[in-house]
Each structure stands twice: as structure tokens, then as C-alpha cells.
Amino acid sequence: MSNGAVTNGRPLQSARTSELVRFATAGSVDDGKSTLIGRLLYDTKSIFEDQLEHVEETSKRRGDGYVNLALLTDGLRAEREQGITIDVAYRYFHTPRRKFIIADTPGHEQYTRNMVTGASTADLALILVDARKGVLEQSRRHAFIASLLRIPHLVVCVNKMDLVDYDQEVFEAIASEFSGWAAKLDVHDLTFIPISALRGDNVVQRSERTEWYQGSSLLYHLEHVHVASDRNLQDARFPVQWVVRPMSDEHHDYRGYAGEVASGVFRAGDDVLVLPSGRTSRIAAIDTFDGEVEEAYPPLSVTVRLEDDVDVSRGDMICRTHNQPTETRRLDAMVCWMSERPLSASGRYRIKHTTRTALAKVDEVRYALDVNTLHRHEDATGLELNEIGRLSLRLSTPLLVDEYRRNRATGSFILIDESTNDTVGAGMVL
């Protein structure tokens, strides 16, 4: 089949297809995050000649004294003037082994919402620490947010090793301190790499200046970290996004249900259940743009055809008969608040979960969480911009959810202000 295969419940990449890996970057101000991304793009030959010429000219005009690769990523004028990253920017590059999408997220505490947005779909989080400054409050905050978002792999790049003479003791002290903080969090895979983004040490190639370091370069790690097993292939969930009815002479009787596989594996011939109606059927076929396939797994976008004429609409979910999400009108969730207009107890919003929407009322603010100390403020009555807290929500119609720790796709949602249509909160079901 053309779209890969699944063996023993695990998808295998075909020899012709590069695996896609998404990773988010975070770091304190001036830790060199933009320079690191620029270095990755430059050393993997992922930029055009005119881009490099523009960066060279701008670097010379600014008097940097070197080719400032950070200019490849800091695209906003305010970012260049202030020397900080403000908005989330997505960068793309590839190697013969993998394709990568980088979510370049801000380090400032005032842009926490931007980091949450950029890291929400990441397979890996890359946190930069300045070798001269060590582990800062922002470093701990980034690690906590990564663990809160259930990002399976965390890589800590101790940058600017050239400014501490590639001192092994400096690197090991930072690794020890960071590991102590990470032990309080739900972090399962933690890797430390000493680098110099400016000079390229241990970014794409192993550096001779760190002979004491026995690990791999950053790019080698990104190319080989195992991400396929991180996806939930046990709980089959297919939120229906669109009902396909061409009504043409060629496909007069065609009826399919299009969407993205959220989790699990679906195969032609599988017995399935449609929620919330509770009707059962069997998968007749699975179609893609390239033709019919025998099985589908995340994150493939497919059209599922059923053997029976079942009433299925946008917002419904196709799953297994004996493995169903929870149907509920009450949610207990962690929410990152993204609006300058504070959240208040008894606030009313629209909630969007997979392809389904409902109205949501805040029943209770359980607590606001200090992401720097992990202290719970149980006297909180609301959430301010960039704050994270635990809420109880009551819904107008039932949603079909899983716990976020088990299924990131069906355990996440956003809150929308109906008066402005702005996204004001991002939540994770507990």
C-alpha cells in the first residue's frame, strides 16, 4: 500500500516516505534559540542563496561581525529590534531520514500562551540553557509546560559552551540541577547535549572540542529518537469532519465520512460503533486521495465508508464497540488562559473539541498554578492572561472525551469567546 503499513499495532514507514517529526523550541531571552534554528537550517542546506545573502548583508549593516543566523528565524520587525522571539513561527527542513516541523516558541513568561500553542502538537521539546547562566526560572517553567502538555521527549541543549571553554564540569552541573527539577515532573525521556549554536559544535556534527561528551549530535538525536510508539494506537478514535456525498453520475451512491484519525488503527472489515447515536456497522473501505488503503492510523486524513446506511454527521465519532471515549457534560481540566480579558467563575464560552462544539459554563475555579514553583493557589477566583489553572466546566451538550494523559487528540479542547470569536483558552481533560 502507498501510505505505509502497520505491523503488530505499530505503523511502519515505507522506504519511500520520510517520517515527520514535530518539535518545539523554548529558551530564556538570549539563550541562542533563534541562532540554533538558523544553524540547523543552514547546515542542512534548507535555505535559499538569496536568503543567506540577505542575512549576510543585514549582519554586516548591523555590525554583528559574523553571519547572524538568528536573522533567518526572527521574522518580525519587533523581534529583530528587541532581539527576542515574540510569536510562534513554524520552520521546515528535512534530511534523507526525516522531515521536521519546528515550532519556534517564545521564552518570555508574558508569551506563555504562545508556547502552549506551539508545543501542543510536538513530539519533542528542545529547551536551551545558557552555559554561563545555568538553569533559570524560565528553564524550569518551560520544562513544566512540556510535561503538562505530555510531550514525550525532552532535549536540553546547554548552549554557548564556547563561552565557558567547553568545560565538562559546567555542563554536568547544569544537567544535574535540571534533572533534579525534572524529577518532580512527568518527564520520561530526558537528554542533555552540550552545544555552541554560533560555532556549530554538536549541532549537526559531533565536535572535537567536547571529546569528553560521548553522546550524539543534536541532529542525529532528532533523526533517531523513536516517536512512532508515542502515538496512541490502542484507542481507535475517528472524529467525523465532513460527510462526503458527490452526487455525481460516476459516484451517485457514494457516501463516506472524512476526517483525521485521532488515534488507534482502523482497517477495512472492522466492526465499529458510531457515537453518540450508538449505531454499529462495519468498515467497508478506507479511501485517501491516492486511492483505497487497507488501514489508517494517526495522523492520516482519510474517508471511511461503512457497510450500513448509518446516520453520521460532523461531530460524531467512530470508534470500537468495546473501546469507547467517555460521553460527558462535565469536564475537569487544566486550562491555559490566552485572553487579556480574565476568566472568571461562572464565565460562559463556546468549547471546541475535535470536530464537535458546545457551550461551556465555568462551574468552579479549583486553583491557579504557579508554573515556576508548582504552588497551587486554591483561593483563585479566575485566571489572568498566561495563567494556568484547574477548572470544572458544565457543557450544554455531551462531548466524547478521553483523559489528555492517555490521548492528546481527544483529551484537548479550546475555549472561544462568543462575543469576539477569539480563542481564549486551551484545555487538557483530567
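How would you rank 140-147, 199-206, highest first, on the average number of other Cβ atoms within 10 Å across their residues? Present the calculation step by step, with values, prior to reporting the outcome.
Working: 140-147: 23.1, 199-206: 19.5.
Final packing ranking: 140-147, 199-206.
Set the Förster distance to 56 Å, then compute FRET efficiency between residue 322 and residue 381 from the Cβ-Cβ distance, nearest 0.05.
Values: r = 43 Å, r/R0 = 0.76.
Computed FRET efficiency for residue 322 and residue 381 comes out at 0.85.
Can you work out the FRET efficiency for the pair residue 364 and residue 397, with r the C-beta to C-beta distance and R0 = 25 Å, to the nearest 0.05? Spell out each step's value before the answer.
Details: r = 20 Å, r/R0 = 0.81.
With R0 = 25 Å, the Cβ-Cβ based efficiency is 0.80.
Roughly speaking, what is the stretch gain from residue 29 to residue 177, that is 0.36 nm per residue apart minus the C-alpha to C-alpha distance, in nm to one decimal? Present the calculation step by step, with values, prior to reporting the outcome.
On the way: separation 148, 0.36 × 148 = 53.28 nm, distance 1.97 nm.
Stretched out fully, the residue 29 to residue 177 stretch lengthens by 51.3 nm.
Please compute the modelled spin-label separation between residue 420 and residue 301, points set 7 Å along Cα→Cβ, answer in nm with one decimal.
Simple spin-label model gives 2.9 nm for this pair.
Would you please report the Å³ per residue occupied by the convex hull of the alpha carbon atoms in the range 228-371?
Spelled out: Cα convex hull of the range 228-371, divided by residues, is 164 Å³.
Listed here are the pairs 133/184; 60/160; 60/99; 33/60; 184/361; which of them are more than 25 Å apart at the Cα? Don't skip to the end; give the middle numbers.
Working: 133/184 22 Å; 60/160 22 Å; 60/99 32 Å; 33/60 21 Å; 184/361 32 Å.
Listed pairs above 25 Å: 60/99; 184/361.
Label residue 45 and residue 341 with points 7 Å out from Cα along Cα→Cβ: what is the distance between them in nm?
5.2 nm
Stick to Cα atoms and the Kirkwood definition of Rh, then tell me Rg/Rh for the range 137-194. Don't skip to the answer; put the middle values down first.
Values: Rg = 11.8 Å, Rh = 11.9 Å.
In the range 137-194, Rg relative to Rh is 0.99.
In terms of the Cα gyration tensor, with a ≥ b ≥ c the square roots of its eigenvalues, is the range 283-328 rounded because a/c is under 1.5, prolate because a/b exceeds b/c, or oblate? Walk me through the numbers on the way to the answer.
Numbers: a/c = 1.90, a/b = 1.51, b/c = 1.25.
Prolate shape, in that a/c is at least 1.5 and a/b is the bigger ratio.
Rounded to the nearest 500 deg cm²/dmol, what is the calculated helix-only ellipticity per residue at 222 nm for the chain, with -39500 (n - 2.57) per DSSP H run of length n ≥ 4? Show your work: numbers first, answer last.
Numbers: 7 runs with 73 residues, N = 430.
Value at 222 nm, helices only: -5000 deg cm²/dmol.
Rank 335, 226, 400 by how far each Cα sits towards the positive end of the charge dipole of the chain (+1 on Lys, Arg Cβ; -1 on Asp, Glu Cβ) and give me just the farthest.
400
Of all the C-alpha pairs in the range 332-404, what % are more than 17 Å from each other? Show your work: numbers first, answer last.
Values: 1134 of 2628 pairs.
So the pairs more than 17 Å apart make up 43 percent of the total in the range 332-404.
Local charge sum around residue 320 (other residues, Cβ-Cβ under 11 Å, Lys/Arg +1, Asp/Glu -1)?
Residues near residue 320 contribute -2 overall.
Compute the normalised compactness of the range 178-252: alpha-carbon radius of gyration over 2.2 N^0.38 Å, N being the residue count. All intermediate terms of the calculation are to be shown ahead of the outcome.
On the way: Rg = 22.7 Å, N = 75, 2.2 N^0.38 = 11.3 Å.
The reported ratio for this selection is 2.00.
Hey, can you find the accessible area per residue of the chain for me, probe 1.4 Å, expressed in square angstrom? Present the calculation step by step, with values, prior to reporting the outcome.
Values: 20480 Å² over 430 residues.
Per residue, the chain has 48 Å² of solvent-accessible surface.
If one takes the longest principal axis of the Cα atoms in the chain, at what angle in degrees, from 0 to 90 and to the nearest 10, does the Cα axis of helix 168-182 lie?
Compared with the principal axis, the helix lies near 30 degrees.
Based on the Cα coordinates of the range 300-350, what is the per residue volume of their convex hull in Å³?
Numbers: hull volume 9.8 nm³, N = 51.
With only Cα atoms used, the range 300-350 gives 192 Å³ per residue.
Multiply the residue gap between residue 223 and residue 406 by 0.36 nm, knock off their C-alpha separation, and tell me the result in nm, one decimal place.
On the way: separation 183, 0.36 × 183 = 65.88 nm, distance 2.52 nm.
Length difference between fully extended and current span is 63.4 nm.
If amide H atoms are built 1.01 Å from N in the plane of the peptide, which residues on other chains or at least 5 residues away come under 5 Å of the amide H of residue 189?
Amide H to amide H, under 5 Å and 5 or more residues apart or across chains, residue 189 pairs with 154.
According to the square roots a ≥ b ≥ c of the eigenvalues of the Cα gyration tensor, what is the shape class of the range 91-216, taking rounded for a/c under 1.5, prolate for a/b larger than b/c otherwise, and oblate for the remainder? Working shown, then result.
On the way: a/c = 1.69, a/b = 1.24, b/c = 1.37.
Taking the square roots of the gyration eigenvalues as a ≥ b ≥ c, the range 91-216 is oblate.
Quickly work out the residue 18-to-residue 314 label distance, labels modelled 7 Å from Cα along the C-beta direction, and quote it in nm with one decimal.
Those two pseudo-labels are separated by 3.4 nm.
Read phi for every residue in the range 404-415 and hand back ³J(HN,Hα) as whole Hz from Karplus 6.51 cos²θ - 1.76 cosθ + 1.60, θ = phi - 60°, with x for Gly and Pro.
4, 5, 9, 8, 5, 6, 9, x, 10, 7, 10, 10
Taking all protein chains in place and a 1.4 Å probe, what share, in percent, of the accessible surface of the chain do carbon and sulfur account for? Intermediate results must be reported in sequence, preceding the final value.
Values: 9170 of 20480 Å².
Here it works out to 45 percent.
Nearest 10 degrees, 0 to 90: what angle lies between the long axis of helix 49-62 and the longest principal axis of the chain (Cα atoms)?
Approximately 50 degrees, to the nearest 10.
Of the candidates 272, 155, 225, which one comes out as most mobile in a Gaussian network treatment of the chain with C-alpha springs shorter than 10 Å?
225
To the nearest 20 debye, what is the magnitude of the charge dipole of the chain about its Cα centre, counting +1 on the Cβ of each Lys and Arg and -1 on the Cβ of each Asp and Glu? Don't skip to the answer; put the middle values down first.
Working: 51 positive and 64 negative charges, 132 e Å.
Computed about the Cα centre, the dipole is about 640 debye.
Once you keep just the Cα pairs under 8 angstrom separated by 6 or more residues, what percentage relative contact order results for the chain?
Numbers: 960 pairs, mean separation 50.5, N = 430.
Contact order relative to length: 12 percent.
Any idea what angle helix 33-43 forms with the longest principal axis of the chain, computed on alpha-carbon atoms, 0 to 90 degrees, nearest 10?
So the helix axis and the longest Cα principal axis differ by about 90 degrees.
When only alpha-carbon atoms count, how far does the chain stretch along each of its three principal axes, as whole angstroms with the largest first?
69, 56, 39
The values are calculated or read from the model by the stated rules, or taken from the named source; none is laboratory data. Remember, predicted model here, so these are calculated numbers, not experimental data. Glycine gets a Cβ as well: all are built from the backbone with ideal geometry, and neighbour counts include every protein chain shown. When the accessible area is computed, the model is the full protein with side chains, heavy atoms only, and any ligands, DNA or RNA have been set aside. Shrake-Rupley method; radii C 1.70, N 1.55, O 1.52, S 1.80 Å.
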